[in-house]
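Chemist: Sharing a structure with you now.
The values are calculated or read from the model by the stated rules, or taken from the named source; none is laboratory data. All of these numbers come straight from a predicted model, not from anything done at the bench. Cβ coordinates were reconstructed from backbone atoms using ideal geometry, including for glycine residues, and neighbour counts include every protein chain displayed. Heads up: the accessible areas ignore ligands, DNA and RNA and are worked out on the full protein's heavy atoms, side chains in. Shrake-Rupley method; radii C 1.70, N 1.55, O 1.52, S 1.80 Å.
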Amino acid sequence: MAHDNDTLAMLQDSLARYLEDRHGFEARLAALRSADSAPPPFWTGLARELDLLRAALPESQGGLGLGLAAHLATMETLGASLAAQPYLATMVLGAGLLQRHPGAAADALLEQVVEGRAVLAFAHGEPEGRHSRSWVQTRLTREAQGWRLDGRKAVVHAGPWASHFIVSARSEGAADAAQGLSLLLVPRDTPGLSLRGYPLRDGDRAAELVFDKVQLPATALLGEPGAALPQIEQALDEATLAVCAESLGVLRRLLRDTLDYVRQRKQFGVALSSFQVVQHRLADMHMALEQAIALTAHVGEQLAAGDVPPAERARAVSSAKVAAGKACKAVGQGAVQLHGGMGMTEELAVGHYMRRATLIEGLFGPVSWHLRRVAALAEAAA
């Protein structure tokens, strides 16, 4: 364990220094202006110069075997630099699903991913899904030569950058049935797949996908047909915890910048930090962040240990997301209000970090959704 902790610390340090050199605030703004169809240039450097994308993968698939702990360490560091990149979509979700379906095709694609030659995106959410893990109307039909795919996917993160999509589709049952879900690997250039990309408020990219009589070979299916929901839930829980870790990096930077500002800014001839009301607000921000840090670390250790029952995993992850979501609101709003009007300008980093914190707050379900999930799990266990 100590060896792994040392490796993770080295990973974070190398990544932080690399981002500081290659993806500072001004460089980020410039890169995002031309990132409509490919991720910012530093992304390939993570693979080819740092070899960082191998860290989480099992050793049997050419990785370092650090698993979820590597994802959390990486996402926290990326959050601190506000790095717009497809790590969550490609490594946590995409590679996480592929590595659970080993085979020649999956292993070959994973090798392309860790070398920076392929980008993955998980196409699961649909317009009427409302964060439900099982709501899927995209239809999968068995045909003589393989499969036919028809339907729509909404807000596919990193979609405009993706070379391959992992798509959820339903072969049987009602739109919200637990059974009948499958996962398929769909290359970007597949005939019948159309994509509309757009920028998100924080500068990241997402896409709407339409599948119109898309013909796929039998080998496109990942795993057993109709039995993919447990894998989808596990992947989304791991991704949810990963954005909790990202939020820690974002919020630490927001709190640091806010502390610097109120110590330097003067009102009535004294620093803003001397006012008791400001001190109380900063204390509230600090406490919300510390709660999120503690819960994210605890749940990360719990899941990294393995063999966590699905219901227990879901309850733990949702609890961490509630703490992270509350911290995003407390620290983000506090930072902007203490900066005043300057907090919402494009020139200061604080406004950009605030927008990312707001997006994280709702990603994979807002606080209210996760509270309902925890309550439902508790009721089912009673």
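Chemist: Need one number: % antiparallel among DSSP beta bridges in the chain, to the nearest 5.
Modeler: Numbers: 32 of 38 bridges.
Antiparallel bridges: around 85 percent, rounded to the nearest 5.
Chemist: Report the accessible area of E115, computed with a 1.4 Å probe over the heavy atoms of all protein chains in place, in Å² rounded to the nearest 10.
Modeler: In the full protein context, E115 sits at about 60 Å².
Chemist: Tell me, Kirkwood radius of the chain from alpha-carbon pair distances, in Å?
Modeler: Roughly 21.5 Å, rounded to one decimal.
Chemist: Where does the charge balance sit around M91 when Lys and Arg score +1, Asp and Glu -1, over other residues with C-beta under 12 Å from its C-beta?
Modeler: 0
Chemist: Sum -39500 (n - 2.57) across every DSSP H segment of at least 4 residues in the chain, then divide by the residue count to get the 222 nm mean residue ellipticity, nearest 500.
Modeler: The helix contribution divided over the chain gives -16500 deg cm²/dmol.
Chemist: Counting only protein chains, not ligands or nucleic acids, how are M354, M10, M287 ordered by accessible area (probe 1.4 Å), most first?
Modeler: Ranked list, largest accessible area first: M10, M287, M354.
Chemist: While we're looking at this one, here's another question. Mind ordering 75-82, 215-222, 133-140 by average Cβ neighbours within 10 Å, highest first?
Modeler: With the highest mean Cβ count within 10 Å placed first, the list reads 75-82, 133-140, 215-222.
Chemist: For the stretch 169-310, what proportion of DSSP beta bridges, expressed in % and rounded to the nearest 5, is antiparallel?
Modeler: Of the beta bridges lying entirely in the stretch 169-310, close to 95 percent run antiparallel.
Chemist: Out of every Cα-Cα pair in the stretch 271-371, what percent are more than 20 Å apart?
Modeler: 47 percent
Chemist: Starting with the highest mean, order 301-310, 368-377 by the number of other Cβ atoms within 10 Å, averaged over the residues of each peptide. Please report the intermediate quantities before stating the final value.
Modeler: Values: 301-310: 12.9, 368-377: 16.0.
Order by mean packing, descending: 368-377, 301-310.
Chemist: Measure nothing but the geometry: give the 0 to 90° angle between the long axis through the Cα atoms of 104-114 and the longest principal axis through the Cα atoms of the chain, rounded to 10°.
Modeler: With rounding to tens, the tilt is 20 degrees.
Chemist: Next up: Suppose we keep just the alpha-carbon trace of the stretch 99-189; what are its Rg and Dmax in angstrom?
Modeler: When restricted to Cα atoms, the stretch 99-189 yields Rg and Dmax of 13.8, 40 Å.
Chemist: Also: Return one number: the angle in degrees, 0 to 90 and rounded to the nearest 10, between the long axis of the Cα atoms of helix 229-264 and the longest principal axis of the Cα atoms of the chain.
Modeler: Taking the Cα atoms of the chain, the angle to 229-264 is about 20 degrees.
Chemist: If you project the alpha carbons of the stretch 326-382 onto the principal axes, what extent comes out on each, in Å, largest first?
Modeler: Principal extents (largest minus smallest coordinate, Cα): 51, 18, 10 Å.
Chemist: Where only protein heavy atoms count, and the probe is 1.4 Å, what is the accessible area per residue for the stretch 1-146 in Å²?
Modeler: 45 Å²
Chemist: If packing is taken as the mean number of other Cβ atoms within 10 Å per residue, what is the order of 43-49, 188-194, highest first?
Modeler: 43-49, 188-194
Chemist: What angle, in degrees between 0 and 90 and rounded to the nearest 10, separates the Cα long axis of helix 349-362 from the longest principal axis of the Cα atoms of the chain?
Modeler: In the chain, helix 349-362 runs at an angle near 40 degrees to the longest axis.
Chemist: Something else now. For the chain, which whole-number percentage of the solvent-accessible area (1.4 Å probe, protein heavy atoms only) is attributable to carbon and sulfur atoms? Could the numbers behind the result be given before it?
Modeler: Working: 9020 of 16890 Å².
Ligands and nucleic acids excluded, carbon and sulfur reach 53 percent.
Chemist: What's the extension gain from A218 to H298 if we count 0.36 nm per residue and subtract their Cα-Cα distance?
Modeler: Working it through step by step, the gained length comes to 24.7 nm.
Chemist: Report the net charge of residues surrounding G62, where surrounding means a beta-carbon distance below 9 angstrom and charges are Lys +1, Arg +1, Asp -1, Glu -1.
Modeler: Numbers: positive: R54; negative: E59, D107, E111.
Here the count lands on -2.
Chemist: How large is the Kirkwood hydrodynamic radius of the stretch 1-123, counting all unique pairs of alpha carbons, in Å?
Modeler: Working: mean 1/r = 0.0681 Å⁻¹.
Every distinct Cα pair counted, the radius reaches 14.7 Å.
Chemist: On to the next question. If DNA, RNA and ligands are ignored and the probe is 1.4 Å, what is the ranking of R313, R196, R130 by accessible area, most exposed first?
Modeler: R130, R196, R313
Chemist: Another question about this same structure. Across the chain, how many lysine pairs, 8 or more apart or on two chains, come within less than 29 Å at their alpha-carbon atoms?
Modeler: Values: K153/K213; K153/K321; K153/K326; K153/K329; K266/K329; K321/K329.
Here the count comes out as 6.
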